[in-house]
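Below is one structure, written out as structure tokens; the observations come after it.
The values are calculated or read from the model by the stated rules, or taken from the named source; none is laboratory data. Here the structure is a predicted model, which is why all the values come from computation and not from measurement. All Cβ positions, glycine included, derive from the backbone under ideal geometry; neighbour counts span all protein chains shown. Please note that ligands, DNA and RNA were not included when accessible areas were found on the heavy atoms of the full protein model with its side chains. Shrake-Rupley method; radii C 1.70, N 1.55, O 1.52, S 1.80 Å.
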Amino acid sequence: MSLTLGTAVARAGEIAYGEFDIVQHPVGGADRMPVVIAQGKTDGPVFWITAGIHGPEHAGIHVLHRLITPELARDLRGTLVAIPALNPAGLRRLEREAYYHRGDPNRLWPDGKPKKDDPDTDPPSALEQAFGRLFEEIRQHANFYVDLHNASTGSISFVFRDRVMYRKDGDAEKNKVEAEALNIRLTEMCEAYGHSVVGEFPARKYLEEKLHRSSTAAAVNIARIPALTMELGTGHMPDPAIVRAAVAGLRNTLRWAGMLPGEPEPITGIKIVNPGFPCRRREAARVPQSCVVHHLVEAGDLIKVGDPLIEMRDVWGRPVGEGVLRSDVDGWVIGRAHGIFFYPTQSTVWMAIRDEDPNVEAFPEEYFK
């Protein structure tokens with residue numbers, strides 16, 4: 001199958017390289033996303049992998065460098081499309097944002113809503129327009145999609161899976177059945193990758209936080225493509241063990257998709273947490289007053305209600321308030337918040353807690369109006 005993205009043109013049995021335009025700079029030059037296409041000698045699915053949408057998150061680029069090899073192209077059935085740097089401006093400056101869009105770049109992907117011509121509302125930025133063009137390529141060509149990220153310092157490797165939303169207008173029952181089928185595919189994809197799994201916030205907060213406008217959420221909920229966000233531990237300094245485990249997990253996912261031969265590889269060198277129940281993310285251990293925090297837990301620890309999470313002290317080392325914050329839920333520790341100095345209500349621990357909400361849920365009736 002012939003596939004072209006930007007200036008990269010796929011060639012059977014080879015790796016092709018090119019660029020996809022983002023924006024021309026007013027002082028000359030341009031920002032472009034790098035594109036890599038590995039194509040096998042036989043037809044098969046098209047699997048997209050992207051990275052580098054947040055400037056401080058670097059492990060995904062290492063993963064792609066180690067995954068895409070001449071040997072992979074030789075053994076591949078189908079096509080692997082990779083973009084190592086979705087946000088070159090942010091990567092250059094080690095910042096989450098691009099300087100030609102103020103705001104999280106992973107909240108700019110299409111949301112399915114009808115476009116409104118309102119002169120009092122800012123039109124899409126150059127970066128949002130570029131993501132819109134790229135999304136149409138994903139919608140047209142991709143059978144599977146993965147976006148590579150980093151979470152917090154010392155966090156473990158895990159997968160974020162999106163809520164699967166469906167429309168209640170039109171044929172609501174048919175839409176729900178299709179959403180449930182897609183949700184099953186997401187479960188299978190998580191199992192193939194083999195790392196710990198964390199669900200997103202419940203649907204209401206998921207929409208409020210604009211998480212439905214992330215790259216993978218748009219793929220799942222607008223394009224109806226199985227897609228996952230892989231979180232690869234610490235950002236600035238890639239963890240070699242997590243990089244190796246992610247490469248193995250992605251090869252296993254390609255095997256699950258019918259694109260590589262052989263048996264699944266073992267996932268080694270990382271913590272894999274399965275508490276026996278589905279989990280979703282939550283910011284936990286919010287301090288009641290300003291303090292210096294001593295974390296009492298580590299990423300990957302299983303937590304029961306009542307377990308101590310942090311100690312609170314003043315700068316002289318004396319206990320603050322009750323001195324200890326304990327967990328009010330069962331779950332496990334994804335990672336610890338950055339730093340040790342915290343203000344009132346700030347969260348100090350990222351947790352995965354028991355998920356009691358459905359993975360498949362309808363969009364609010366007013367959402368598309």
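Here are the numbers for the structure shown:
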{"read-out": "Cβ-based net charge around A89, under 9 Å, with every Lys or Arg adding one and every Asp or Glu removing one", "value": "-1"}
{"read-out": "Protein accessible area in the stretch 207-327, 1.4 Å probe - carbon and sulfur %", "value": "51 percent"}
{"read-out": "(i) 143; (ii) 221; (iii) 161, with the label sought being that of the calculated volume of the Cα convex hull per residue in Å³", "value": "(iii)"}
{"read-out": "Protection proxy ranking, peptides 185-193, 225-233, 359-367, average beta carbon neighbours within 10 Å, highest first", "value": "225-233, 185-193, 359-367"}
{"read-out": "Cα-based helix-to-principal-axis angle, 172-193 vs the chain, degrees rounded to 10", "value": "80 degrees"}
{"read-out": "Relative contact order of the chain, pairs being alpha-carbon contacts under 8 Å that are 6 or more residues apart, as %", "value": "17 percent"}
{"read-out": "Filter on K113/K174; K271/K304; K116/K205; K168/K210 - keep pairs with C-alpha separation over 22 Å", "value": "K116/K205"}
{"read-out": "Fraction of accessible area attributable to carbon and sulfur, the stretch 96-186 (%, probe 1.4 Å)", "value": "48 percent"}
{"read-out": "10 Å beta-carbon shell around E57, net charge (K/R +1, D/E -1)", "value": "0"}
{"read-out": "Estimated FRET transfer efficiency when R0 is 22 angstrom, pair T268-E191 (beta carbons, to 0.05)", "value": "0.80"}
{"read-out": "Test item: Cα-centred dipole of the chain, Lys/Arg +1 and Asp/Glu -1 on Cβ, debye", "value": "400 debye"}
{"read-out": "E298/D111 FRET efficiency (R0 35 Å; Cβ-Cβ; nearest 0.05)", "value": "0.40"}
{"read-out": "Ordering of 25-38, 340-353 by burial proxy (mean other Cβ atoms within 10 Å per residue, highest first)", "value": "340-353, 25-38"}
{"read-out": "Estimated distance in nm for a label pair at R318 and V177, the labels positioned 7 Å out from Cα along Cα-to-Cβ", "value": "6.9 nm"}
{"read-out": "Dipole of the stretch 1-46, positive end: most advanced residue of T42, L5, I22 [Cβ charges, Cα centre]", "value": "T42"}
{"read-out": "Aspartates and glutamates with Cα under 17 Å of K176, excluding same-chain neighbours fewer than 8 positions away", "value": "D162, D357, E361, E365"}
{"read-out": "Computed FRET value (nearest 0.05) for E365 with E95, which takes r as the C-beta separation and R₀ as 35 Å", "value": "0.35"}
{"read-out": "Distance-filtered residues of the stretch 253-295 - backbone nitrogen under 16 Å, label point 7 angstrom along H65 Cα→Cβ", "value": "none"}
{"read-out": "Among 248-258, 113-123, 61-71, the order from most to least packed when residues are scored by Cβ within 10 Å on average", "value": "248-258, 61-71, 113-123"}
{"read-out": "Cα-centred dipole magnitude for the stretch 62-198, charges only on beta-carbon of K, R (+1) and D, E (-1), debye, nearest 20", "value": "260 debye"}
{"read-out": "The stretch 194-317: relative contact order in percent, alpha carbon pairs under 8 Å with at least 6 residues between", "value": "24 percent"}
